[in-house]
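Since the structure comes first, as structure tokens, the remarks are kept for the end.
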Amino acid sequence: MRGVSSYQQYMPEKAELQAFDEHLSSLRYAGMIQHALMPDEETLAGILRDYFILFLPRDIVSGDFYYAFSNRDYLCIAAGDCTGHGVPGALLSILGISFLNEILQAEKCMKANRVLNMMRERIMKALHQTGEKSGTKDSIDIALCIINQKTGEMQYAGANRPLVMIRNGELTEYKPDLMTIGLAPVEERAFKNNYLNTQKGDLFYLFSDGFPDQFGEKTNKKLKNKNFRKILENASSYTGMKDQKKYLENTFLEWRGNMPQVDDVLILGFKL
Amino acid sequence: MKLCAFRIRNFRSITDTGWQNLSADNITCLIGQNESGKTSILEGLRSFYTGSISEDVLRSDLSLPEISCRFNVNRGWLTEVTENPGAELKELLSELTTVELTRNWLPDFSSTIKVSGRISEYLNSLENAWGLYLDEVKSKFENEIEEINRYKQRIEEIKSLKAEIIRKADPSAGKGMVSRLFRRTQGGLIDRLSADQRHSLNELVREEESLNKTLTGKQVIAGAGIEYKSLLNKLEETERKLNELESILEEYHQKMTLLLMPIEKHEDPEWTKVLEDFRNSRIEKEKLKSTLESHIAFSGYLMEGRSAEEAQLLTLEAMRRYKSQYTSEILGRKYFEYCPDVVMFEDFGSLLPNRIDLEDIITGNEQVEGYKAARNFLTLAKLDYSFFQQPSSRILKQKIENLNNTLTVNFQDFWQQSIGRNNKIKIQFELDHYSLSFGDKAGKPYLEFWVKDSGERLYPKQRSRGVRWFLSFYMELKASAMRSTKPIVLLVDEPGISLHARAQEDVLKVFEDIKDRIQIIYTTHSPHLVDVNKMHRILAVQRDDLDNLKSTTRVLDPLELASASPDTLSPLQNIMGNPHFSEGFASNRLNLIVNDTGTFYLLSAIIHVTGFKGKISIIPSTDVSSIPLMCNILMGWGLKFAVLLFGNDKERKLAEYLKENLFKTEEKDSDYLIVTDPGFLNAEDLLSTLDFKNHVLKTREGITIPNSVYMEEKELPRSFLLSRLLSDVRQGKIGAGDFDEETNENFRYLIDLLIGLK
């Protein structure tokens, strides 16, 4: 049987299959560990009353991560996007999460821009980035919000990731600094701090670029930021955050169709 | 109790020194020209202790002196020594770590010692509350008495009106008739009255009955009123008498001052009588005042309808409630018992004699010449009479020889001067017996003293004045330290005035040696008696108007020496020279001492970048440990200065040292000392990490530790790097806009601290 023999020559050896299974198993385990480092439902429910997280890693482990922390005075939320995806991105995300913990839990500084400054120093030191050619170029893009629980004032600082606010159906985008957390092409500058006066009912969205960078089956083109904003506006019309998540997920899947997912997708939405 | 501050008012040339802190290390030095008032301060402190003054301390307006001393005590000590203080007073005493005592003099030159400060404020508040209570009661009481008097007056009026009515009815009616008229058994006369008259009469009778009834009810109060008036009159009389006696006393003082006669020696029976009357009148006045107050309170309870017995008990209770068992005077006397002994060193009053009979020493014959010095000598040698009862003269002589070596070695620890080229002096004593030629004294023992050098052996009186003074001084100090059970405050006026410069330095060494046991306050003109490393010990004394000897005395503490005149500061400037007024030290700006040159560069850069216009000159010390020396230098030069310290351990410890020894009060701390937030370990921590990397290090590596720690760990050339930053700033390569928000915020914080300096 000629077909069978030609087919058989492409079948992996049993040993190779076993190795592949073990590799997958390790990745799954790694995924569980990574997930454990991010705040779980119970923690998030204690911090954010009304929220959703749409988290669609491209692989088993993800280069995107979300973060939340609160104390008596402040509430901190972040969405990060590490260079690469899969294992390299996941390892960098673990660094990002642990540095955020270190900085915020020391409580020495509760200014969003200074947190990013300090995070950048730690990443650059950890990855031995000195600006010389031999160094790595890995970095993290992140949007960080810090809310004063007493006054309701929100600070936002962004490293290449914006913050979107929708108030009464009107969308406002807060632009980030065009700098990453890590070695930049040009000399590092301090991140800027943005102060927002919030109102009850305001909707906020932090997200990675996975969704807008996704190619659509029908057009074979990226969705792009402009269309993504429209989708966010549409989502905001749903009262329940869970419904918003469902809408966004369905929209993503519908847009993607049979196209492969190009990057990790993360959208963190919350309502004040 | 340790003396830590004083305040002298109305004593000789001194109107008010204000509170002056003594040096925490127990040696305080008063410098100033002649006639500035330095000795007056010492005499004032002595008078505080002894209670005695003479006329010549009175100022021209004859205002009486008032001297206050503040003492440090351990927290809780005041409650230990004060029996049953009462809950509120106990709470106050338990938190106090200082106690103030004030001595006031009266026209008869007697004095009282009272607590002042917080304790007297509390006691006064009780007095005030008592006073307010009494005023309220007194006001009601006086109204009541007035009312009673009005009623009595009205009753008399009614009697007159009744008599009038009767007389109209029967002009011939005498007094007896009028009075009989009102007895119902008398008829006839009433019938002669008209209806109107009868009506008026009845009205009057009714009113009179009512008033009489009221007065009967107020009989007790009326009685109290009479007693009150009597006490009031007696008190006023006593006060009048006291005022007259005070005037007479003043006239006497003036007269004695003009005659230059001390009042104690004045033997005039009339004067003695005046004094006695004055003292008795004061006591009488206090008694009357107390009785009157008690009577007013008592009357208050009577007015409430209480019986005399009840009112008495309630009065006692009220007095217990309002008045503490302790007055300022009672507590003052109590705490004064624990005060250190204040001793004025009498210059040549205790010279070592050539010889003294042992019997005079044993019997304590103070009239014998040199007794005090001989006694001091034996105290130092730890000898008493039993030492000399050794039966074997050989053993005794050996013991004496051993002792002579020990004593001399101790003395030579301080006396560094030599006699001649290489000699050192030795003190020796010997025991001997009078020969037959001494008549009554034959065979009696005596002690003979020698001051030896390797050249010759001479009696003390054959030695120089300087040696004799130093000997006398050394022995007095050391013996006092050994003998006293209480702490001592030693006052020394111009010590070692006849000593050579080196010997004067030896005097300072003696002070250093004994300062743990004896607190020393001394005056001097000599630069050799001032330790330049310890300027915090200086108090400068000068006249307010330097050209007018009649102007009042002013005292300046070490931080105010900038206001002292050059003549006042001459002992300091003789040792330290004149200040260098160039780019560095400035006389018309505040000199800000910082830890080193690196900080100097960075602060200069910050001042340039922020455009700060304050009159500040940054002075770099070589190192943190040199900062106290810098402070001494600037104080000695009379320049205004302040110190900026950062949050590292070394500088925080230095801050505590400066607060305790130099600045002494919290007010002075904030004027002269800046300690930054502990987060800034050194000057470079004022920069954000990013600005530190960009502008100082010019590197891009990640830094996760404080900038100053990074500098230290990497052993970077700090001064060089920060001077490069200053250079870039001055050349305009780096401006305010090149620093980030965090750095700018820190710069503003620092500038605010600088603005806060006076």
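Coordinate-derived values only; no laboratory data. From a predicted model like this one, the values you see are computed outputs, not experimental measurements. No Cβ is skipped: glycine too gets one built from the backbone with ideal geometry, and neighbour counts run over all protein chains shown.
Given chain B reduced to its alpha-carbon atoms as identical point scatterers, what log10 I(q)/I(0) does the Debye formula return at q = 0.07, 0.10 Å⁻¹?
The calculated log intensity ratios at q = 0.07, 0.10 Å⁻¹ are -0.78, -1.16.
Classify region A:152-225: rounded, prolate or oblate, from the alpha-carbon gyration tensor (a ≥ b ≥ c, eigenvalue square roots; a/c under 1.5 rounded; otherwise prolate if a/b is larger than b/c)?
oblate
Between their Cα atoms, which of B:Lys534/B:Lys650; B:Lys38/B:Lys486; B:Lys372/B:Lys426; B:Lys653/B:Lys698; A:Lys200/A:Lys230 are more than 28 Å away from each other?
Over 28 Å Cα-Cα: B:Lys653/B:Lys698.
Do the alpha carbons of any pairs in A:Lys125/A:Lys245; A:Lys137/A:Lys221; A:Lys137/B:Lys714; B:Lys289/B:Lys334 sit beyond 31 Å of each other, and which pairs?
Those over the limit are A:Lys125/A:Lys245.
Could you give the DSSP H helices of chain A that reach 15 angstrom or more along their long axis (alpha carbon positions) and whose average Kyte-Doolittle hydropathy is no lower than 0.5?
Passing helices, by number: A:86-106.
Count charges around A:Asp21 for me, please; just the other residues with Cβ under 12 Å from its Cβ, Lys/Arg as +1, Asp/Glu as -1.
0
Taking chain B as the reference, fit the longest principal axis to its C-alpha atoms, fit the long axis of helix B:597-610 to the helix C-alpha atoms, and give the angle between the two in degrees, 0 to 90, nearest 10.
60 degrees
Just want the ordering: B:Ser40, B:Ser392, from fewest to most Cβ atoms lying within 10 Å of their own Cβ.
B:Ser392, B:Ser40
I'd like the trypsin sites (Lys or Arg not before Pro) in region A:49-127 restricted to DSSP loop residues with at most 13 other Cβ atoms within 10 Å, sorted by number.
The qualifying sites are A:Arg49, A:Arg72, A:Lys108.
List the residues whose amide H sits under 5 Å from the amide H of B:Ile538, counting only those 5 or more places along or on another chain, with H placed 1.01 Å from N in the peptide plane.
Long-range HN contacts for B:Ile538: B:Cys29.
Starting with the fewest neighbours, write out B:Ser54, B:Ser23 ranked by other beta-carbon atoms found within 10 Å of each beta-carbon.
Ranking B:Ser54, B:Ser23 by Cβ neighbours within 10 Å, fewest first, gives B:Ser54, B:Ser23.
Could you give the angle, 0 to 90 degrees to the nearest 10, between helix B:393-412's Cα long axis and the longest principal axis of the Cα atoms of chain B?
90 degrees
In whole angstrom, and with the biggest value first, how far do the Cα coordinates of region B:577-755 range along each principal axis?
For region B:577-755, the Cα extents along the three principal axes come out at 48, 32, 27 Å.
For a quick check of your reading of the filter: which GluC sites (Glu not before Pro) in region B:278-379 sit in a DSSP loop and have no more than 13 other Cβ atoms within 10 Å?
B:Glu304, B:Glu337, B:Glu346, B:Glu366, B:Glu369
When the Debye formula is applied to the Cα atoms of region A:19-92, each taken as the same point scatterer, what base-10 log of I(q)/I(0) results at q = 0.11, 0.22, 0.23, 0.28 Å⁻¹?
Taking Cα atoms of region A:19-92 as identical point scatterers yields -0.33, -0.99, -1.05, -1.30.
Express as a percent, rounded to the nearest 5, the fraction of DSSP beta bridges in the protein assembly as shown (both residues included) that run antiparallel.
For the protein assembly as shown, the DSSP antiparallel bridge percentage is about 75.
Report the chymotrypsin sites (Phe, Trp or Tyr not before Pro) located in region A:166-272 that are in a DSSP loop and have at most 16 other Cβ atoms inside 10 Å of their Cβ, or state none.
For chymotrypsin sites (Phe, Trp or Tyr not before Pro) across region A:166-272 that sit outside H, G, I, E and B with at most 16 neighbouring Cβ atoms in 10 Å, the list reads A:Tyr238.
How far, in degrees from 0 to 90, does helix B:219-259 lean away from the longest principal axis of the Cα atoms of chain B, to the nearest 10?
Helix B:219-259 sits roughly 40 degrees off the main axis of chain B.
Above 19 angstrom, tally the Cα pairs of region B:220-325 and express them as a % of all pairs, no decimals.
The proportion of pairs with Cα distances above 19 Å equals 59 percent.
Considering just Cα atoms, how many Å³ per residue does the convex hull of region A:102-215 enclose?
That works out to 123 Å³ per residue.
Which of rounded, prolate, oblate describes the protein assembly as shown, given a ≥ b ≥ c as roots of the alpha-carbon gyration tensor eigenvalues and a/c under 1.5 marking rounded, otherwise prolate only if a/b is larger than b/c?
Judged from the Cα gyration tensor, the protein assembly as shown comes out oblate (a/c at least 1.5, b/c at or above a/b).
Cα to Cα, under 16 Å, and not fewer than 8 places away if on the same chain: which lysines meet these conditions relative to A:Lys226?
Cα-Cα hits under 16 Å: A:Lys175.
Just the number, please: Stokes-Einstein D of chain A in µm²/s, Kirkwood Rh from C-alpha pairs, 4 °C, 1.567 mPa s.
So the translational diffusion coefficient is about 65 µm²/s.
Among B:Lys213, B:Lys289, what is the fewest-to-most ranking by other Cβ atoms within 10 Å?
In order of increasing Cβ crowding within 10 Å: B:Lys213, B:Lys289.
Output wanted: per-residue J couplings in Hz (rounded whole) for region A:138-154, from phi through Karplus 6.51 cos²θ - 1.76 cosθ + 1.60, θ = phi - 60°, x for Gly and Pro.
5, 7, 10, 9, 8, 10, 10, 10, 10, 10, 7, 5, 7, 9, x, 5, 10
What is the percent of Cα-Cα separations in region B:66-109 that go past 18 Å?
Everything past 18 Å amounts to 40 percent.
Assign unit charges at the C-beta atoms only (+1 for Lys and Arg, -1 for Asp and Glu), then state the dipole size of region A:198-272 relative to its Cα centre in Debye, rounded to the nearest 20.
Here the size comes out at about 240 debye.
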